[in-house]
1. Might you check whether a residue that is in contact with a helix residue (DSSP H, G or I) (Cβ under 7 Å, 6 or more places away or on another chain), at pLDDT 95 or above and in the same structural domain as residue 99 (by TED's automatic domain parsing) occurs anywhere in segment 7-19?
2. Please find, within segment 162-207, the residue that is surrounded by the most Cβ atoms within 10 Å (Cβ to Cβ) out of those that are touching a strand residue (DSSP E or B) at 6+ places or on another chain (Cβ under 8 Å) and among the basic types (Lys, Arg).
3. Working only within segment 207-230, note down all residues that are of a type in the set (A, V, I, L, M) and over 9 Å from residue 187 (Cα atoms).
4. Any residue at all in segment 48-56 that is farther than 24 Å from residue 119 by Cα and either of a type in the set (D, E, K, R) or crowded, with 20+ Cβ neighbours inside 10 Å (or both)?
5. How do the strands (runs of 3 or more DSSP E) wholly within segment 156-230 filter down when requiring 1 or more residues that are under 15 Å from residue 144 (Cα atoms): which remain?
6. Which is closer than 19 Å to residue 104 by Cβ, surrounded by 15 or more Cβ atoms within 10 Å (Cβ to Cβ) and free of Cβ contacts under 8 Å to residues at least 40 places away in the same chain, of 16, 29?
7. Contact list please: Cβ distance under 6 Å, first residue in segment 190-207 and on the phi > 0 side of the Ramachandran plot, second residue surrounded by fewer than 15 Cβ atoms within 10 Å (Cβ to Cβ) and part of a helix (DSSP H, G or I), pairs at least six apart or on different chains.
8. Going by the conditions given, is residue 172 under 19 Å from the mean Cα position of the chain (by Cα) and either hydrophobic (A, V, I, L, M, F, W, C) or under 24 Å from residue 139 (Cβ atoms) (or both)?
Amino acid sequence: MINCIIVDDDAVSVTLLQHFVTSTEGLGLLQVFSSAIEAGNYIRKNEANIHLIFLEIEVPGISGIELMESFKQLPPTILISSKDNYAIKAFEYKAINFLLKPLDYGKFLKALERVFQLYASEKGTQLDYLFLKDGGVLSKVNHKDILFFESHGDYVKVHVKDKTYTVNTTMKNVEDKLKSTSQFMRIHRSYTINLNYLENFDSESAIVSNKPIPIGNKYRSSLQTRLNIL
């Protein structure tokens, strides 16, 4: 569990962040502060238990930047502001990411990618799911439920057991997201399959969950090498 605190005096943003944190698997909310001074006192006493800070830059008393300057090193921090010119400063202060208001869940999840990667790496584990944005809704899909990916230009269809998602992304981005797992393999410029659902194949095509999928010439030898063939 990644334990978080929120530092923000904007009631609307706090309500949204609380909802986002409690709705996201793997995150837990410890405390909410409207003042960076109060947050700093809490951090000094509980730093070992805090894994992530959502920190608004413009808060009363001292700013979020001043709070960061008062510590030699804070836990991973996502800086938040309604002003995009703070984005560069956020990375100057080694914030793990920057969130621009108004907030939405898509931005929130995007900002969390590096956080999840950081803690997964430290634990020697890898994430076994993706969040797919389809029709304005973000849905969690476990790797084990994905049959294959099918590319159509700037869109990718993600075929799972019970439905198909259409996502605005590229196959290259899909490969980057899946590089930590060995169960997926690209077998064609337009197809990446879950090897757990590969039933049989020949020189031209593979059958994945009863669906014939073409095998590209440049991927054929890699597929044969990857599988346990007697």
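1. If we filter segment 7-19 for residues that are in contact with a helix residue (DSSP H, G or I) (Cβ under 7 Å, 6 or more places away or on another chain), which is where we start, we get 7-8.
So of that shortlist, the ones also at pLDDT 95 or above come out as 7-8.
If we keep only those that are in the same structural domain as residue 99 (by TED's automatic domain parsing) too, we end up with 7-8.
Looking through segment 7-19, at least one residue is in contact with a helix residue (DSSP H, G or I) (Cβ under 7 Å, 6 or more places away or on another chain), at pLDDT 95 or above and in the same structural domain as residue 99 (by TED's automatic domain parsing).
2. Only one residue tops the list, namely 186.
3. Going through segment 207-230, the residues of a type in the set (A, V, I, L, M) turn out to be 207-208, 213, 215, 223, 227, 229-230.
Within segment 207-230, 207, 208, 227, 229, 230 qualify.
4. First pass over segment 48-56, keeping only residues farther than 24 Å from residue 119 by Cα: none.
No, every residue in segment 48-56 fails to be farther than 24 Å from residue 119 by Cα and either of a type in the set (D, E, K, R) or crowded, with 20+ Cβ neighbours inside 10 Å (or both).
5. 164-167, 184-188, 191-194, 198-201, 205-208
6. Exactly one residue qualifies, and that residue is 29.
7. Between residues of segment 190-207 that are on the phi > 0 side of the Ramachandran plot and residues that are surrounded by fewer than 15 Cβ atoms within 10 Å (Cβ to Cβ) and part of a helix (DSSP H, G or I), there is no close pair.
8. Values: under 19 Å from the mean Cα position of the chain (by Cα): yes; either hydrophobic (A, V, I, L, M, F, W, C) or under 24 Å from residue 139 (Cβ atoms) (or both): yes.
Considered against the rule, which asks whether it is under 19 Å from the mean Cα position of the chain (by Cα) and either hydrophobic (A, V, I, L, M, F, W, C) or under 24 Å from residue 139 (Cβ atoms) (or both), residue 172 comes out as yes.
The values are calculated or read from the model by the stated rules, or taken from the named source; none is laboratory data. These figures come from a predicted structure and were not determined experimentally. When we count neighbours, we look across all protein chains shown, and the Cβ atoms used for this are built from the backbone with ideal geometry, even at glycine.
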